[in-house]
1. Of these, ALA259, ALA285, ALA240, which one is farther than 23 Å from GLY139 by Cα and of a type in the set (A, V, I, L, M, F, W, C)?
2. Might you check whether a residue that is assigned to a loop (DSSP other than H, G, I, E, B) and farther than 21 Å from LEU324 by Cβ occurs anywhere in the stretch 154-175?
3. Cβ-Cβ below 9 Å, separation at least six or inter-chain, first residue in the stretch 182-197 and in a helix (DSSP H, G or I) and of a type outside the set (Ser, Thr, Tyr), second at pLDDT 90 or above and open to solvent by 30 Å² or more (accessible area, probe 1.4 Å): which pairs?
4. In the list GLY328, GLY261, GLY255, which residue meets the criterion of being modelled with pLDDT under 95, under 29 Å from ARG189 (Cβ atoms) and open to solvent by less than 10 Å² (accessible area, probe 1.4 Å)?
5. Among (1) at pLDDT below 90; (2) surrounded by fewer than 18 Cβ atoms within 10 Å (Cβ to Cβ), there is one condition GLN5 misses while meeting the rest; what is its number?
6. Which residues, taken from the stretch 132-156, are more than 22 Å from LEU262 (Cβ to Cβ), open to solvent by less than 30 Å² (accessible area, probe 1.4 Å) and not small (Gly, Ala, Ser)?
7. Quick one: would you say PRO60 is within 28 Å of GLU208 (Cβ to Cβ), open to solvent by 20 Å² or more (accessible area, probe 1.4 Å) and free of Cβ contacts under 8 Å to residues at least 40 places away in the same chain?
8. Quick check on the stretch 281-325: of everything there that is basic (Lys, Arg) and surrounded by fewer than 18 Cβ atoms within 10 Å (Cβ to Cβ), which residue is modelled with the lowest pLDDT?
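The values are calculated or read from the model by the stated rules, or taken from the named source; none is laboratory data. None of these values were measured; they are calculated from a predicted model. Positions of Cβ are generated from backbone atoms using ideal geometry, with glycine treated the same way; all protein chains shown enter the neighbour counts. Calculation scope for accessible area: heavy atoms of the full protein, side chains included, ligands and nucleic acids excluded. Shrake-Rupley method; radii C 1.70, N 1.55, O 1.52, S 1.80 Å.
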Amino acid sequence: MKEQQEVLFTPHISRTLADVLSRYAYDKLFVLTDTNTRRYCMPLFQDCEPLTQAMPITIPADDTHKNLESLSSVWMVLSRNGATRKSFLVNLGGGMVTDLGAFAASTFKRGIAFVNVPTTLLGAVDAAVGGKTGINFNGLKNEIGVFNSARSVVIGTEFFHTLSSENLLSGYAEMLKHGLISDAATYDRLIEMDMLHPDMQQLLPLLEASVQVKERVVAEDPFEKGLRKSLNLGHTVGHAFESLSHERNQPVMHGYAVAWGLVCELLLSHLQLGFPVERVRQLAAFVRRHYGVFYITCQDYDRLYERMTHDKKNESSHINFTLLADVGCVKINCTADKKEIEAMLDLYRDLFNI
């Protein structure tokens with residue numbers, strides 16, 4: 001079994017990161033941020049001496065820059081500043097930064113060590129933990145990447161108090177997914193939260209429990225050969241929605257796309273495995289209240305289907321889904337043909353009165 005990744009939760013992010021970095025021997029330290037985290041998050045580390053002395057690397061913010069150009073710019077700074085295989089990279093940012101930074105570290109000189117410090121709820125619960133790295137390519141989400149875990153993931157609760165409602169909700173969708181694949185009690189606590197007026201004291205232990213769900217799954221299946229596929233619930237459709245939103249030049253946050261994808265894939269679970277319809281309606285009501293609706297028509301079906309065919313989980317000509325027979329009862333490697341997917345999308349539009 002692969003060694004479990006160290007994940008630290010702390011109310012003192014600067015002090016904890018300094019302690020983590022003090023454990024490692026490196027010749028040069030680099031810190032990767034985007035333009036937003038450089039401005040808003042770096043000031044929290046003024047008393048973290050290793051980070052204040054680190055060579056800064058900054059890339060443009062938002063997922064549209066999770067691409068080869070940004071990746072190349074990170075490699076270039078590392079190369080021009082004499083980074084070696086003994087150098088170290090701190091990825092400070094949301095999921096875009098930790099995905100791209102981890103991939104840059106994993107491939108520069110065949111791999112240098114890195115630490116992830118997620119600054120968003122989505123990054124903390126999803127991208128920063130579990131060892132998936134990568135960039136978008138050819139209009140497709142996370143098309144290029146490798147599996148490689150950070151030495152440590154340091155999750156600082158200070159960041160979450162200042163996140164916008166939209167950013168909190170984007171991360172919360174991944175927590176809902178973890179609840180759905182875990183057990184009814186965990187899921188019910190999540191679905192009962194009012195995320196329009198979140199209580200951070202209630203949210204933080206739910207976040208820690210959610211990360212633990214992912215850690216357990218990843219520890220058992222680090223390279224997505226079996227059980228880890230359960231973490232893809234909501235993502236086959238969600239990534240297709242996300243790609244379509246970019247084509248429309250109206251990009252939606254990843255977690256929002258996942259929330260709508262969860263509704264769709266629970267509908268497909270109902271059609272194929274008899275997932276309880278009352279649970280589908282319960283999630284749909286929560287999603288509609290908090291995330292709104294992603295509008296599609298039947299004219300979008302072919303484009304969405306085409307995007308789903310590019311999903312990395314597919315084998316042969318089949319589109320692969322993770323589905324549920326009930327909350328906590330996961331069925332991986334389920335397949336659906338175009339007719340079944342169109343029926344699922346019809347039900348989604350009916351459910352949301354589109």
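1. ALA285
2. Yes; the residues of the stretch 154-175 include at least one that is assigned to a loop (DSSP other than H, G, I, E, B) and farther than 21 Å from LEU324 by Cβ.
3. ALA184/ASP326; ALA184/GLY328; ILE191/GLN282
4. Result: GLY255 is the single residue among GLY328, GLY261, GLY255 that is modelled with pLDDT under 95, under 29 Å from ARG189 (Cβ atoms) and open to solvent by less than 10 Å² (accessible area, probe 1.4 Å).
5. (2)
6. Result: THR133, ILE135, VAL153, VAL154, ILE155.
7. Answer is no for this residue.
8. If we take residues in the stretch 281-325 being basic (Lys, Arg) and surrounded by fewer than 18 Cβ atoms within 10 Å (Cβ to Cβ), then LYS312 is modelled with the lowest pLDDT.
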